[in-house]
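This report concerns only the one structure given below.
Derivation of every value follows stated rules applied to the coordinates shown; laboratory data play no part. The shown structure was predicted, so the numbers you read here are calculated from the model rather than taken from an experiment. Because the Cβ atoms are built from the backbone with ideal geometry, glycine has one as well, and the counts that use them run over all protein chains shown.
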């Protein structure tokens, strides 16, 4: 019985981590930007996501789209992690249609925009090679739009929101 729970949790962590990255790849691409940097760092991103999802230390994954000349935030996308582990019916899904609708609603980023991925963790989390502390760009003058749950696997999931100019 323990083996089944461990395998289910491992599968949930892998599914959610993979779909967080795929969601951000879609956001980057559909916002008119090149996802090349995200893809180049895929292994490092996946290692950090899996580690901190597995330990329960990951609280939020943030994609900042910003102006590289002024460093000002243009858009910000958040996926807040939800830990409601269950061994129930094995439900899993990713709401790509809702995500695509809100990406179109948010609009295209300027051609020269840059982006970066940030992982917000609890204090005392284990270290992951290639990851260190960073600070967020200001969201002053922006409003947060919640999409609700967009990723789910056996109670482990993500609630997505984006920030736009007020």
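Here each label is just a point 7 Å from Cα along the line to Cβ, and for residue 22 and residue 40 those points are 2.5 nm apart. Divided by 2.2 N^0.38 Å, where N counts the residues, the Cα radius of gyration of region 74-157 comes to 1.34. Using the rule -39500 (n - 2.57) for each DSSP H run of four or more residues, divided by the residues of the chain, the 222 nm mean residue ellipticity is -11500 deg cm²/dmol. Distance distribution P(r), region 2-165, all Cα-Cα pairs, bin width 5 angstrom from 0: 1, 9, 19, 21, 20, 16, 9, 3, 1, 1, 0 percent. Taking Cα atoms, how many degrees apart are the long axis of helix 2-30 and the longest axis of the chain, rounded to 10 and kept between 0 and 90? For 2-30 against the chain, the angle is about 10 degrees. Dividing the mean sequence gap of close Cα pairs (under 8 Å, 6+ apart) by how many residues the chain holds gives a relative contact order of 32 percent. Helix 96-106 and the long axis of the chain differ in direction by around 20°, with both axes built from C-alpha atoms. Legend: calculated FRET efficiency, residue 104 to residue 14, from the Cβ-Cβ distance at R0 = 30 Å, rounded to 0.05, equals 0.55.
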